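For reference, the structure is listed below as structure tokens.
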Protein chains: 2
Amino acid sequence: MNTFTEENYLKAIYHLSLQAGSASTNQIATSLNTKAASVTDMLKKLAEKALINYTKYQGVTLTATGEKIAISIIRKHRLWEYFLVEKLNFKWDQVHDVAEELEHIASKELIDRLDTFMGHPKYDPHGDPIPDSNGLFKTHELKPVSTLVVNGKAIISGVRDHSTSFLQYLERMQLTIGKKIKVTEINDYDHSVILQVEDKKIHISREVANNLLIAL
Amino acid sequence: MNTFTEENYLKAIYHLSLQAGSASTNQIATSLNTKAASVTDMLKKLAEKALINYTKYQGVTLTATGEKIAISIIRKHRLWEYFLVEKLNFKWDQVHDVAEELEHIASKELIDRLDTFMGHPKYDPHGDPIPDSNGLFKTHELKPVSTLVVNGKAIISGVRDHSTSFLQYLERMQLTIGKKIKVTEINDYDHSVILQVEDKKIHISREVANNLLIAL
DNA sequence: AAGAATATTTAGGCTAACCTAAATTTATTA
DNA sequence: TAATAAATTTAGGTTAGCCTAAATATTCTT
């Protein structure tokens, strides 16, 4: 088995690679709140264990084995988040840190039973897909609200920014997963957007429109 | 906060002290599967943090602070065991190792919500009392079956041995928590006992009678 | 109460994961 | 393309928790 720290590295590399194709030492250091030198140490170790492809100075990608582990951690993270919100009534902005701890509980049986207990949910509270027990899931193709044109309709389906403050903002604005929206106006000057949500008009900034994801 | 290892030491010291009043270096080493020299290191550290009372060669006891932490870990352990059995349908002999991991999840809010979700259970699946969120619980005064006389009646309420094999044995014999029993015979020679449980007669050894706990 | 047995502590070392500072490589830009 | 900037790695050090072997304290036995 792997240490918590190794698991955190694998997860970070997975997420970073999704965006850029590979992860650099500095990106990993930033995302794990550690220093580049520490990252280099760990990269050697993970490469030694054949969990990453690493050539000095060139950034890293996960091997098949490494990816499998990363996905299993993400599965655990998202299932626990679902549990915390749906069963324990946590708010969606309160669950991340606790799930960061819970995701390292090793037992596969535990997580498969938890999955069954909750009825095999497909998405976590933030709209991210939950891998099944074989590690399969659709890498969802969501677009930001900012890609909609006037009169475009869509359903709020995810977030690009998972920070507490953004999630709290969305909750206050009632811009939560599953809501139907329609763009009624786009401001040319600052790219802010006015949305029709149920019977309300909601004005959001360009930044929010970029970080709020939709399905059509 | 404390490390997982520190928490495990505090828990071990708590359990050992319950029996003998204090815990010795060797007892702690045995119970944590480590070596006496490692224990001595940790005892110094815990004493430094004022979590234990330690004088060289004299064994240790928990301070009030140390005990509070130990009890909070026991609360978490037992609540998780209850969850695993009652909600996820684990068998009572399968939950210990997973609970050993879960008990170190820090969030107090998590555990209090979990407690509420399950309806504030008073006992875990093995009959051990669950401390409430203030750390209060009745240190239960159960006696072994072996203290009963012929025709004595009681209710199975706990176990002294939490090993997988003992728990599996009890399950096979249908000697589970809550069952009403009556002693129909005691064998003078080997101190084995015949119990009436529901409509069955069950023959148990002296060893089992010593490790199975009852309330009257 | 002295010697033997047992328990405990000290000394010195190891590994995982972190750090800073210095060296080196890669990327950028004039 | 040379020089500067930025990114990365290496060198050397720290802490937590563990270990073995040796030293010391306590307990038991006679």
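The values are calculated or read from the model by the stated rules, or taken from the named source; none is laboratory data. The model shown is predicted, which means the values in this text are computed figures rather than measured ones. Positions of Cβ are backbone-derived with ideal geometry, glycine not excepted, and every protein chain shown enters the neighbour counts. Heavy atoms of the whole protein, side chains included, go into the accessibility calculation; ligands, DNA and RNA do not. Shrake-Rupley method; radii C 1.70, N 1.55, O 1.52, S 1.80 Å.
Just checking, how many residues over the range A:185-201 are open to solvent by less than 80 Å² (accessible area, probe 1.4 Å), within 15 Å of A:Gln174 (Cβ to Cβ) and more than 25 Å from the chain's Cα centre (by Cα)? Here the count works out to 2. Yes or no: B:Asn2 within 13 Å of DNA strand D (Cβ to nearest atom) and modelled with pLDDT under 95? Yes; evaluated as a whole, the condition is true for this residue. The lone criterion from (1) of a type in the set (Gly, Ala, Ser); (2) out of contact with any Gly (no Cβ under 9 Å at 6 or more places or on another chain); (3) touching a residue at least 12 places away in the same chain (Cβ under 8 Å) left unmet by A:Gly158 is number (2). Listed here are the strands (runs of 3 or more DSSP E) enclosed by the range B:161-216 that have at least 1 residues being under 14 Å from B:Val150 (Cα atoms): B:180-186, B:193-197, B:200-204.
If only residues of the range B:21-73 that are among the polar types (S, T, N, Q) and touching a strand residue (DSSP E or B) at 6+ places or on another chain (Cβ under 9 Å) are counted, the one that is nearest to B:Ala106 (Cα to Cα) is B:Thr63. Among the residues making up the range B:113-131, those that are farther than 23 Å from A:Ser107 by Cα and more than 16 Å from the chain's Cα centre (by Cα) are B:Thr116, B:Gly119, B:His120. For beta carbons closer than 6 Å, sequence separation of 6+ or different chains, a first residue in the range A:86-108 that is within 10 Å of chain B (Cβ to nearest Cβ) and within 10 Å of B:Ser107 (Cβ to Cβ) and a second that is in a loop (DSSP other than H, G, I, E, B) and among the β-branched types (Val, Ile, Thr), the qualifying pairs are A:Glu101/B:Ile105.
Each row is one residue, and each column tells you yes or no for (1) assigned by TED's automatic domain parsing to the domain that holds B:Asp115; (2) more than 9 Å from DNA strand D (Cβ to nearest atom).
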{"residue": "B:Ala20", "(1), (2)": "no, yes"}
{"residue": "B:Ile28", "(1), (2)": "no, yes"}
{"residue": "B:Asn33", "(1), (2)": "no, no"}
{"residue": "B:Ala36", "(1), (2)": "no, no"}
{"residue": "B:Lys44", "(1), (2)": "no, yes"}
{"residue": "B:Lys49", "(1), (2)": "no, yes"}
{"residue": "B:Tyr57", "(1), (2)": "no, no"}
{"residue": "B:Glu67", "(1), (2)": "no, yes"}
{"residue": "B:Phe90", "(1), (2)": "yes, yes"}
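Looking at the structure I just gave you, is A:Thr61 within 16 Å of DNA strand D (Cβ to nearest atom) and open to solvent by 50 Å² or more (accessible area, probe 1.4 Å)? So A:Thr61 fails the test.
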